[in-house]
C-alpha cells in the first residue's frame, strides 16, 4: 500500500494523501438493505436523532421537534415557533448528551432540555451562521461548525468553533480553503463534524475532501486528503460574472461533501455528492480509515445520512421525499456496510 506524506501548514500534524487503489462504488448493496420506517405527516426534516427508543425529527418549517416511536408512530412534539423559552426561530440540529437534549437554533442559540424534556435554558454563542453541525463534547464544552460573524461581517478565517456551556467562545479552528475565502456562502458552504469515543473531533469542509481530526481543545491531530473511486475534487475557480443557473452547473461539476460521521474507532463515514447522478441516486457514502484516510468501501445511497447510532450499530438514511405527506427512513445495520 502506497501513501504520500506532506507537511501541512495548518498545524504540526502531517497531511496524508492515500495513493493506493480505491474500491469501486457498489451501486446496489444499500438500495434494498435494512428496513423502512415511515414518519407520518412530516415533510421537512433538517436532522434526526434516536435516543431512548424514540426518533427525534427536527422540522425547520414547522419550528418543532417531532417525536416518533421506532415503528414510525407520532408520539409527541417539542417546542414551537417564537422567541420565548424553548421556542425556535429555525431549528437545525438535535443532539443528546447525558440524557439532555440540545437543539441548535438559528440565529446563534442552543436550547437545552432536561431529561424529562422540559426546557432548561438557552446558550447564546458568538455569531455562528450557516451552522452545519453541533457536537457536544462534555458537560463543559461543545463545538459548532459554520462561518462566524465578527463585528457584523462574516469571518472567513475558520470553520469550527469551540464553546463553553455558558456560550463563551474558547477557540476557533480548522482554516477555510482559498476558494471558500473567495466565494464564501455562494458555494452553499457546509462544514461537518462528529466526535468519537476518544473525543477526537473529525471535520470536513464540503468544498474539499480533506478530513481533519482535532483534540477536544481544538489542536490538530490528523489530516487526510481523501481520494475515493471516481471522485471529482473542486478543480477550478468559477468563471467570472456567472448567472445563477451557471453557478448551479459549476457546483454540480465536482463532488461536494455533505456529511461526516464517526462509525467506529477505526472508521469514519463520509457522504459526498455524485455528480453523475446514475439512476437519480446522487449521494455516495465512503468508509474511511481513521489512521491513514484509506477508503475501504463506497456505496451509492438513496437520500442522505440522517443519524448514526453507534450504540445500536445502525445507520438511518433519510430517503427522498414523495408525494405522500410523510418522511421515510431506511435503517441499515453496520453489518450491511462494513467491509
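Computed from the coordinates by the stated procedures, all read-outs in this text should not be read as laboratory data. Since this is a predicted model, take the numbers as computed values, not measurements. As a convention, Cβ positions derive from the backbone with ideal geometry for all residues, glycine included, and neighbour counts pool all protein chains shown.
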- Query: Taking region 53-129 as the region of interest, what is the percent of Cα-Cα pairs per 5 angstrom bin, listed from the shortest bin to the one with the maximum distance?
  - Reply: 3, 17, 28, 27, 16, 6, 2, 0
- Message: Rounded, prolate or oblate for region 266-316? Axes are the square roots of the Cα gyration tensor eigenvalues, ordered a ≥ b ≥ c, and the cut-off for rounded is a/c under 1.5.
- Response: oblate
- Query: Going by how many other beta carbons lie within 10 Å of each one, how would you line up 177, 223, fewest first?
  - Reply: 177, 223
